[in-house]
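Structure record follows, encoded as structure tokens.
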Amino acid sequence: MRKLKIKQNAIQLCAVFMLMFGASSVTTQANAQGDLRQPLYDVCKARGGDEAYCKCMIGEPYDAFLHNHQYGGRDSYVETQNKIRATILQEPTMTEGRIKEICAVANMQFMKPNEVPKGWLERFTKLHQSLKAEYTLGNAAHMSIRNMMLPSSGYCVYGPKIESATKRANERGSFETHNLDDRGVNQLYKAFQRDQGQACRP
């Protein structure tokens, strides 16, 4: 009977330790995933910001800051792509459907070598040359169309750029999940000020 009671006590004690360890793990993870509003507010106050200014900064400007740093590169690509597309569509012979067909050929250059369709280089070269022949040097629309298949700055390249930037941003996650030391928080606050510093000034 006594052995049974000792065994029960040991099991209960073990259960208590497991609960304590579990609670500790949850707390640590929650702290690591806590947002940075409070640390950035503290740095703002330490650097002489008044109450109203610092509270403002960790509101909507904070949300905009996170979005800009996570998705800023992607959004810039989207904006550039939209501007070039609007220019291209000024040309009556260009439609969304035709642009899509041209970019489907152009973007084969970004595929993995073992995935590239046979004869793609000939197809790419022929289409690129035909666009240059159809649209002579001149207005902005013609120039954008002539260059749209170029791998560095042509319209079509922005599709893969946007896809890649979105993937990177999603993998990196927002600053909400970062557990930074004091130096990291201070560096982040400097970037925060550069990005959103004017948002809360009187």
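The values are calculated or read from the model by the stated rules, or taken from the named source; none is laboratory data. Small disclaimer: the values here were computed from a predicted structure and weren't measured. Cβ placement follows ideal geometry from the backbone for every residue including glycine, while neighbour counts extend to all protein chains displayed. Side chains included, ligands, DNA and RNA excluded: accessible areas come from the protein's heavy atoms. Shrake-Rupley method; radii C 1.70, N 1.55, O 1.52, S 1.80 Å.
Counting 0.36 nm for each residue step from Tyr53 to Arg37 and taking away their Cα separation leaves a gain of 4.4 nm. List the pairs from Lys100/Lys132; Lys132/Lys161; Lys118/Lys161 whose alpha-carbon separation is above 21 Å, in the order I gave them. The pairs that break the limit, which is 21 Å between Cα atoms, are Lys132/Lys161; Lys118/Lys161.
Looking at segment 67-202, the accessible area is 63 square angstrom per residue; that uses a 1.4 Å probe and ignores ligands, DNA and RNA. Using the Cβ of Arg194 as centre and a radius below 15 Å, the other residues enclosed give a net charge of +2, where K and R count +1 and D and E count -1. Compute the Cα gyration tensor for segment 93-179, then decide on rounded, prolate or oblate, letting a ≥ b ≥ c be the square roots of its eigenvalues: rounded whenever a/c is under 1.5, prolate when a/b is larger than b/c in the other cases, and oblate in all that remain. It comes out oblate by the Cα gyration axes.
Using θ = phi - 60° in the Karplus curve 6.51 cos²θ - 1.76 cosθ + 1.60, the 3J(HN,Hα) couplings for segment 166-173 round to 5, 4, 4, 5, 5, 6, 6, x Hz; x is entered for Gly and Pro.
Computed with a 1.4 Å probe on the full set of protein chains, the accessible area for Arg37 sits at about 60 Å². Under 1.5 on a/c is rounded, so check that first for segment 161-202, then, if it is not, pick prolate when a/b is larger than b/c and oblate when it is not; a ≥ b ≥ c are the square roots of the alpha carbon gyration tensor eigenvalues. Cα axes put segment 161-202 in the oblate bin. With a Förster radius of 30 Å applied to the C-beta separation of Ser130 and Ala86, the computed FRET efficiency comes to 0.85.
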